[in-house]
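The values are calculated or read from the model by the stated rules, or taken from the named source; none is laboratory data. Keep in mind it's a predicted model, so treat the numbers as computed, not measured. When we count neighbours, we look across all protein chains shown, and the Cβ atoms used for this are built from the backbone with ideal geometry, even at glycine. Calculation scope for accessible area: heavy atoms of the full protein, side chains included, ligands and nucleic acids excluded. Shrake-Rupley method; radii C 1.70, N 1.55, O 1.52, S 1.80 Å.
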Amino acid sequence: MDVSLAYRDDMLAEWTEMAHERVPRKLKCTFTFPKTVEHEGRHYECDVLPFMEIGSVAHKYYLLNIRLPVNEKKKINVGIGEIRDIRLVGIHQNGGFTKVWFAMKTFLTPSIFIIMVWYWRRITMMSRPPVLLEKVIFALGISMTFINIPVEWFSIGFDWTWMLLFGDIRQGIFYAMLLSFWIIFCGEHMMDQHERNHIAGYWKQVGPIAVGSFCLFIFDMCERGVQLTNPFYSIWTTDVGTELAMAFIIVAGICLCLYFLFLCFMVFQVFRNINGKQSSLPAMSKVRRLHYEGLIFRFKFLMLITLACAAMTVIFFIVSQVTEGHWKWGGVTVQVNSAFFTGIYGMWNLYVFALMFLYAPSHKNYGEDQSNGDLGVHSGEELQLTTTITHVDGPTEIYKLTRKEAQE
């Protein structure tokens with residue numbers, strides 16, 4: 001096809017050409033009726049073909065010019081018959097969703113940023129250096145803030161064709177950080193005092209996530225990177241490109257499902273570790289026992305929320321990839337409405353907000369006998385029911401409680 005794209009912002013202005021390319025497309029058509037006389041004149045049904053993709057629509061009017069030049073020597077557009085009809089399916093962001101999306105980002109950006117600054121300030125007030133878990137939570141807050149920044153406001157007045165690629169990069173960074181955080185979050189509540197608080201101890205788990213994220217970036221650059229200069233390019237136009245893209249989606253879905261199963265196993269290990277510590281609770285005083293029972297209950301609830309968030313994230317990634325690919329390979333349609341999309345986005349923000357709020361070190365001092373980590377009975381009964389406690393070993397009492405397995 002010989003295709004060109006032009007734009008203008010005034011009905012009386014001249015058209016300005018954006019792109020002009022000669023792109024190959026394989027046309028596959030079928031005749032769904034019996035080839036008899038009574039069905040003469042009916043049309044062939046052809047598969048959906050990827051046409052073009054632009055990152056922003058900053059102009060008022062666009063013009064498409066499509067030509068099908070015939071070259072008998074190269075057997076291009078030969079024997080395809082008369083073209084009677086061409087249907088173009090446009091996928092765009094409607095006005096209602098745009099308002100909701102812009103409003104969410106504008107509101108959530110300062111919210112996450114403020115809680116992140118407050119969280120890091122509480123950490124720097126401590127006499128000890130930050131532990132690995134606190135650093136990872138802060139890094140997760142930074143990645144969430146990065147994806148929240150409403151740069152989409154500028155796309156209204158500027159023709160930023162790289163917005164789609166930039167959005168994919170932001171989301172990829174957040175995915176990598178979120179998946180790595182869940183591994184470290186569970187691991188830090190399982191390891192003993194000598195193994196925890198070292199990022200090198202997680203290279204076997206975090207390494208594949210980093211490699212997978214890099215492969216995802218390369219795959220994205222192979223299509224949307226080229227589309228910065230040629231909006232008509234698509235990796236799905238060739239058989240090899242289609243097979244590679246399909247293989248990537250299938251492998252990515254399988255890897256994410258395996259990751260979720262591994263995360264479930266780690267959460268089970270953490271629960272077993274916590275349950276083993278509950279045997280020490282009956283020997284405590286009533287106030288102290290109730291205090292630790294409350295902490296354990298809230299920690300288990302947070303772990304279940306983590307599993308639910310991970311499950312929804314895996315489902316969202318797979319469904320979004322299948323939905324986007326449907327228009328390129330055809331087949332079964334999976335409908336994803338705006339409520340699901342904004343719901344997942346809101347869930348991520350609430351989860352990150354809750355993590356920084358719950359794991360911020362407390363400025364309360366519980367007394368020297370309680371800060372030593374001993375789970376026995378003490379005379380100091382004036383315990384305040386809080387989720388966090390200042391301690392030299394880590395950010396929370398649950399963190400302190402789980403590390404004692406290697407010491408007992």
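See the values below:
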| item | result |
| --- | --- |
| Out-of-range pairs (alpha-carbon distance over 22 Å; input LYS60/LYS99; LYS28/LYS74; LYS26/LYS60) | LYS26/LYS60 |
| For segment 1-134: accessible area per residue (Å², 1.4 Å) | 74 |
| Burial order of peptide ranges 86-99, 129-142 (average beta-carbon count within 10 Å, highest first) | 129-142, 86-99 |
| Accessible area per residue, Å², segment 154-292 with all protein chains present, probe 1.4 Å | 50 |
| Karplus 3J(HN,Hα) series, Hz, for segment 283-297 with 6.51 cos²θ - 1.76 cosθ + 1.60 (x for Gly, Pro) | 6, 7, 5, 4, 5, 5, 5, 4, 4, 6, 5, x, 4, 5, 4 |
| Label-to-label distance, nm, for residues given as PHE102 and ILE76 (7 Å Cα→Cβ offset) | 4.2 |
| Student exercise, segment 1-125 dipole from Lys, Arg, Asp, Glu Cβ charges, in Debye to nearest 20 | 600 |
| Label-point separation, TRP203 to LEU63 (7 Å along Cα→Cβ), nm | 6.0 |
| Packing-based order for 30-37, 108-115, using average beta carbon neighbours within 10 Å, highest first | 108-115, 30-37 |
| Peptides ranked, highest mean first, by Cβ atoms within 10 Å: ranges 346-356, 147-157, 305-315 | 346-356, 305-315, 147-157 |
| Carbon/sulfur fraction of accessible area - segment 145-187, other protein chains in place, 1.4 Å, % | 80 |
| Dipole magnitude (debye, nearest 20) for segment 1-47, charges at Cβ of Lys, Arg, Asp, Glu | 400 |
| Electrostatic dipole magnitude of segment 225-300 [Cβ: Lys, Arg +1; Asp, Glu -1; Cα centre; debye, to 20] | 1000 |
| 5 angstrom amide H check on ILE76, placed H, neighbours 5+ away | ASN71 |
| Farthest positive-ward along segment 158-262 dipole, Cα basis, beta-carbon charges - from PHE232, VAL206, GLY172 | VAL206 |
| Sites SER280 and ALA308 - FRET efficiency at Förster radius 25 Å, r taken between beta-carbons, to 0.05 | 0.30 |
